[in-house]
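In what follows, a single structure is set out as structure tokens and then discussed.
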Amino acid sequence: MQQQSIMLFFMLLVGIGTIFFVSVFVSSLNADKDAGGTKNVLKKRFWFTLILIVVLGIFAAATLPKSPYFTYANETPSTVIHVGTIQFSFFLSTKPIDPKSPSGETITISHDQLVEFRVTSFDVNHGFAVYDPSMRLITQVQAMPGYINNLRYKFSEPGEYHIFCLEFCGTGHPVMQTTFKVI
Ligand SMILES: [Cu+2]
């Protein structure tokens with residue numbers, strides 16, 4: 001449903017853009033015949049500005065209410081998973097991870113329960129991208145040195161989930177991955 005409305009939204013934008021460019025093209029055909037010639041430029045700017053304001057207004061109305069994009073903000077997570085990243089591994093643990101000797105554990109999460117991942121990096125920027133059992137990207141956040149980025153999610157389907165790095169972090173980047181289970 002959400003994907004369909006995003007699709008519709010972008011189709012609408014493409015439609016508005018097409019109308020705009022066609023109207024500019026058509027008006028340019030008549031540019032020589034216009035009484036004012038280049039003096040008419042203010043009139044054209046008026047329409048450009050109006051359409052720009054409308055498009056930006058639609059964007060703002062569709063995106064700003066969701067800002068700052070932190071889902072389940074009013075709920076308390078029942079599970080907290082600490083995530084530490086280092087070239088080229090993920091460490092997942094129910095306890096805070098020591099950056100000096102990072103270690104992880106096998107993670108099992110109950111379905112339909114709110115999980116909070118507290119994601120950080122001990123070296124360079126990495127990505128923390130969660131893929132469902134059919135390898136569809138479902139959520140992601142950046143792993144950044146010096147910051148803990150919280151990512152909340154409810155897994156509805158039991159199965160084996162995959163984590164991949166989405167930030168090119170060095171030669172071992174393509175093999176930087178791990179898994180966890182949802183039961
Ligand atoms: Cu990477």
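What's the number of the only condition in (1) within 14 Å of the ligand (Cβ to nearest atom); (2) hydroxyl-bearing (Ser, Thr, Tyr); (3) part of a loop (DSSP other than H, G, I, E, B) that Thr106 fails to meet?
(1)
From the residues in region 128-151 that are over 16 Å from Thr179 (Cβ atoms) and open to solvent by less than 30 Å² (accessible area, probe 1.4 Å), which one is nearest to the ligand (Cβ to nearest atom)? Give the derivation first.
The initial filter retains those residues of region 128-151 that are over 16 Å from Thr179 (Cβ atoms), namely 141-151.
Subsequent filtering for residues that are open to solvent by less than 30 Å² (accessible area, probe 1.4 Å) retains 141, 143, 151.
Numbers: Val141: 14, Ala143: 9, Leu151: 17 Å.
The extreme case among them is Ala143.
In region 172-183, which residue that is over 18 Å from Glu116 (Cα atoms) and in contact (Cβ under 8 Å) with a residue 24 or more places away in the chain is surrounded by the most Cβ atoms within 10 Å (Cβ to Cβ)?
Met176
Could you count how many residues in region 143-183 are among the small types (Gly, Ala, Ser) and part of a loop (DSSP other than H, G, I, E, B)? Please lay out each step first, then the result.
If we filter region 143-183 for residues that are among the small types (Gly, Ala, Ser), which is where we start, we get 143, 146, 156, 159, 170, 172.
From the residues that got through so far, the ones that are part of a loop (DSSP other than H, G, I, E, B) too are 146, 156, 170, 172.
Here the count works out to 4.
The values are calculated or read from the model by the stated rules, or taken from the named source; none is laboratory data. None of the values given here were measured: they were computed from a predicted structure. Every residue, glycine as well, gets a Cβ built from its backbone with ideal geometry; the counts of neighbours run over all protein chains shown. The protein model used for the area step is the full one, side chains on, heavy atoms only, and it has no ligands, DNA or RNA in it. Shrake-Rupley method; radii C 1.70, N 1.55, O 1.52, S 1.80 Å.
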